[in-house]
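Everything on this sheet refers to the single structure shown next.
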Amino acid sequence: MPIKFKSQEKGEPGVPGGGVKKYYATIVTDGEATIDSLVKEIEKFSALSEPDIFGVVKALENVIQDKLANGKIVRLDKLGSFYPALKSAPSDTPEQVSVANIKGVGINYRPGSRLIAALRNAAFRKA
């Protein structure tokens, strides 16, 4: 099934009033895949039962949370990597940097080679 897209008008960032506006292609999402729906699909390719698969997925979620909270990079082979990230206020010297500089935390994700290839090879259709 092709990925749907539409045209969307966008202005120039940082220019008051948006500057010269142009049109760009943007993806139109087509629903979502939940853990439950993914588990049901995985069950078709596995000897494991639905509750077993769900348990493994939930356990993976818990382990990933723990590893990220401890500053680890989580590499899931061809799926990609998750790693912790900070938003920080600047300081004039390295000695002035402290916990007080941290303004936010987040998680970055880098997709693996198979996911990147899947999107490179995807078909597109205007919605």
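Rule-based calculations on the coordinates, nothing more; no lab input. This structure is a prediction, so every number in the text was calculated from the model and none was measured. Cβ coordinates were reconstructed from backbone atoms using ideal geometry, including for glycine residues, and neighbour counts include every protein chain displayed.
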Restricting to aspartates and glutamates and to Cα separations under 14 Å from residue 126, and discarding same-chain partners fewer than 8 apart, the set is 30
Rounded to 0.05, the calculated FRET efficiency for the beta carbons of residue 32 and residue 70 at R₀ = 35 Å is 0.75
Exposure proxy check on 43, 9, 50: fewest-to-most Cβ neighbours within 10 Å is 9, 50, 43
Of the listed links 67/87; 44/72; 4/87; 4/103; 44/78; 10/67, those spanning more than 31 angstrom between alpha carbons are 44/72; 4/87; 4/103; 10/67
Computed, not fitted: 222 nm per-residue ellipticity of the chain from DSSP H runs ≥ 4 (each -39500 (n - 2.57)), nearest 500, equal to -9500 deg cm²/dmol
Lys and Arg at +1, Asp and Glu at -1: neighbours of residue 67 with Cβ under 14 Å from its Cβ sum to 0
Among (i) 15.6; (ii) 15.2; (iii) 19.1, the entry matching Kirkwood radius over Cα pairs in Å as calculated here is (iii)
